[in-house]
Structures are given as structure tokens and as C-alpha cells.
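Structure first, then comments.
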Amino acid sequence: MTNAPIITGSPAIYYRLIAIWVLCEAMLGGIIHGFRIPVSGLVVGSAAVVCICLIAWYVPVRGAIIKATIVVAIFKMMLSPQAPPPAYIAVFFQGLLGELLFRNKKFFRLSCMLLALLALLESGLQRILVLTIVYGNDLWKVINDFINGLTKQKNTTNYSLLIGGAYVFLHLFTGLLVGWWASILPKKIEAWKKDKGLELPVTATSAIALPQASKKRKRFRTGIFIIWLLLIGLYVQSYFKPGTPLLPSHISLQLFLRSVIIILAWIFIIGPALKLILHQWLEKKKGQSRQHVAEVLRLLPSTQELLTQCWTRTTGYRGRKRIGHFIKMVLVNAFSPLSTPWRRAGVEAGEVYILTANIGSGKTTSLLNWSVQRDDVYGILTPVISGKRIFMDAHTKEEFLMEATEGEQDTLKVGRFVFSKTGFDKAEQVITKAMDKPGWLIIDEVGPMELRGEGFYPVIKETLQTRTGKIIIVVREGLSEPVKEKFNIPGAKLISSIDEIGLVK
């Protein structure tokens, strides 16, 4: 399978996929965890694997999966606060694994298979580990004794091991099927788009409500907290036996109390502590994650409406056929640029201007003079100072080396020029930090290195696929068409002077 194409409107598609992943994790996961369904990892994990594979295919940018994972974890905490700690561990495990496996897009199918197998294997093993932590090894002993008692065997059999092995095998087998299906899904989506019967009509979207604690709920939590403290006291007194134990010593009751204490410890201590740590971490991150959260938050109402419409319109089907048709309708409308529910969310690709003129005609100087007059210009400029071309932060006007110094080891060579890899890395960081800023983002300039997939190539791809603000790309004369083709931006507006921006329609 070949590399994923960069498609028009990919910023919207990126956030659409994150929004679908959020709803699968937060709402579907919340329902499953609420009912204590033992195969929640199969359902939620499979949905996450599919979303990650589609992100890797449609947004083949390094770091895109990790950013999506962080956003999903944030919304999971807001929309599904009852989810246990292992659910968050699974999310980050899947995201990190996806980011690692999809670094090389030449092996897309193999990466899908490995991601699904390892993600669902982790889910199955995690469930067994959690049961052991919550109930202790006594749980497996109780299971063995119970089944051996029913069968009245002379030789005891380790039924808990057989049950655990079968549970893990079920996850592995499901992972194999999900990975194979995810690997062929992009081609299937393109085929399904030809079926006009799968398109949805225009409808209004509804708002999505985040859970809020009422006064009754707060009083209820206070009562449960007091009960939790009493249970801890009783459990400790019965375990260490300072005097006559107040609780019966029956193993089933001990297992029950142990599980209740641990679960309530998550609700009252571990969960709030993790929230606090995560919020502090996001505060340090600033810019990027907050912008992604805002974009996904705008999309959630239309995403929820899309899922509702698709499920309603498949009432004529039953069982597996209904689920299959529902998935087709969701994916077709999610990837359709004309899908009105998505357009209502307001996520559109940013305007792209290509500033092109002869070498030495003053492109960078004009941009520098223009940026000095504004406070909403970000990105990188490359002016010539004292006969040497340097990098300059377009917003702060900080300067740093572009050309390599004598003896510098890590360099980039283009013809007779030798550039500093350190300088390029710092310039990329400037662009990345400014990617979500409002206003204008300048990338000066795009040349032969980028056309070969080097230099600013990765950060340009990410910018074009995730930025919703305006972009100015500086290109020397004669390279504008190759740049438009390389980065798949046929709608970019060509200008020969910064003064033309106000005239371009």
C-alpha cells in the first residue's frame, strides 16, 4: 500500500476523526464502563484503532496521532469522569504505539495489523491485571474452587488460567480482524462515497452538554465518602485484628470490600489527582493542545448529530447489517467536504498565499517591513544581514544562524550551500509554536530541499493540514507550480507582492 495522499480539506478531516474518537472513548466507553461489561476493551479499543489508522492515512504528519491522543484524553476526562485509570492508560498506549508504528507509511497494512493486535492484547492483559489488583489472588482461587466443586473432579484444574487464556485469545483474534479491516478501510471509503444513498440530508445540529455536578450529586458524594472511610477502618481492623474483628472473615465479603475500597479510592483520590496533574501539564503546553481542544469542541455537536442521524436512518436493517450500514454512513459523511453537519462546525482550511518573485527582488524585506507594522504575524523570515542569510522569528524578531559554522557536524547541504541543522530545527519549532496562532503565519522560504522532502517539508505539511489561519509561503520564481503540486494546494493564491493580499479574492 502506498503513502497516504494529502487531500483537500485535511484540517477538517483531522478534527472530524478526533471528534469521532472522542465520542467512542468518552460516551461509548462511559456507557460500557458504567454497565461493567467485561469486553469493553474490545469495543472501545477497536474503535480507537480504526480512528488512529485513519488519522495515519489521511493526515500522515509526524506528531498528529500524539496530538489527537492528548485531545481525546482531555475530553474523556470531561465527558466520562467515571472511567477507571486503566482506560486512560489504554488511550495513551494506543496513541504512542500508533505514532511509533506509522512513522513509515510504506508499511501501512502491517502497521494497522500490529497496532490492533498489540492494542487489544494490552486491553485483555490489563483487565486481568486490574482484577488481580482489585480482588487479589484470592479471586482466582475462588473461581478454581467453585468450578472444581461443581464438576466434582478428583484432580483440581486451574480453570482461572483457562478462562484468562481464552479471554486474551479473544482479544488477539479480534485484533487480527480489526487490523485487517482498518488497513483496507481507506479504499472502501472511497468506494462507498459513490453510493448517493449513504449521504445524509441537511439538518440542524444540537449542542453537546458536558457533565456538571448538581447540589444533590455533591451531597451524595459526601455520603459515599463517609461510607468509604468507615469501610477502610473496618477492613483495616479486621485485617490486623486489634481485638475481635468486626467484619466476618468470609473470603467473598473480603473480596467485595476490597474492590469497593479501591474503586472509591479512584473516585475520591486518584481521579482528582490525575485531573490536577493533567491540567497542570496542559497549562505548560499552552497554545497547541488548547487550540485542538477548541476545534474538536466545535465539532462535537455536529459529530453527535451525525451519529444520531446515521443510526436513525438504519432502522430498516437488523443486527450486523445495521451496524455495518451505520459505519458506512458515518464514514462517508465524515469524509465528505459537502456534508452540512460538518460545515456547521466551522473548521475549514486556512487561506494559503504563495509569494513568488525573482531571487533578490526583496520578497523577504517586504515581508519584514510589513510584519513590523502588525502584531499578528508569526513564523520564519530569512533576511540577509551582513552578507549572510539568517533565520528570524517573524513575531519576536529574534535572529539565529541559518548557515553552518566552521566545524559544525550536523548540517544540511544544498548545492554549494551548507546549512545548520540546529538552526533549521529551531526554525521548525518557531513555526510549530505559531501554527495555531490567529493572524498570519509566514514560511520563508520553500525551495529545492522541501521539494525533495527535506528542510521545512514535514512542518509545512503539518501546517497546511492543521492550520485554520492564513499562511504565506515564500517561493522563488519558477517553483510555485512544483510547490503547489508537491503539497497538494491547487487553490493557493499566487502573489508577487505583499501589497496584493488585500486585492486577492
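The values are calculated or read from the model by the stated rules, or taken from the named source; none is laboratory data. Quick caveat: nothing in here was measured; it's all calculated off a predicted structure. Because the Cβ atoms are built from the backbone with ideal geometry, glycine has one as well, and the counts that use them run over all protein chains shown. These area figures cover heavy atoms from the full protein model, side chains too; ligands, DNA and RNA do not enter into them. Shrake-Rupley method; radii C 1.70, N 1.55, O 1.52, S 1.80 Å.
Using the structure shown, list the pairs from 67/426; 413/486; 76/196; 388/484; 188/486 with a Cα-Cα distance above 31 Å, or answer none.
Long pairs (Cα-Cα over 31 Å): 76/196.
Hey, with R₀ at 35 Å, roughly what FRET efficiency would residue 386 and residue 103 work out to, going by the Cβ-Cβ distance, to 0.05?
The pair residue 386/residue 103 has a calculated efficiency of 0.30.
Using only Cα atoms, figure out Rg for segment 430-483 and give it as a multiple of 2.2 N^0.38 Å.
On the way: Rg = 11.0 Å, N = 54, 2.2 N^0.38 = 10.0 Å.
Compared with the compact-globule rule of thumb, segment 430-483 sits at 1.09.
What does the charge count around residue 307 come to, taking other residues whose C-beta lies under 14 Å from its C-beta (Lys +1, Arg +1, Asp -1, Glu -1)? Write out the running numbers ahead of the final one.
Values: positive: 16, 313, 322, 328; negative: 25, 305.
Combined, the nearby Lys, Arg, Asp and Glu give +2.
Where does segment 47-130 land on Rg/Rh, using Cα atoms and the Kirkwood Rh?
Working: Rg = 12.8 Å, Rh = 13.1 Å.
With Rg and the Kirkwood Rh in hand, the quotient comes to 0.98.
Give me the net charge for the shell around residue 451: Cβ to Cβ below 14 angstrom, other residues only, Lys and Arg +1, Asp and Glu -1.
0
For a quick protection proxy, order the peptides 394-405, 315-326, 456-467 by their average other-Cβ count within 10 Å, most packed first. Working shown, then result.
Numbers: 394-405: 15.7, 315-326: 11.5, 456-467: 21.6.
In decreasing order of mean packing, 394-405, 315-326, 456-467 become 456-467, 394-405, 315-326.
Please compute the net charge surrounding residue 193, taking Lys and Arg as +1 and Asp and Glu as -1 over other residues with Cβ under 12 Å from its Cβ.
+2
Measure off, as a whole percent, the carbon and sulfur share of the 1.4 Å-probe accessible area of segment 372-491, all protein chains present.
Result for segment 372-491: 48 percent of the exposed heavy-atom area is carbon or sulfur.
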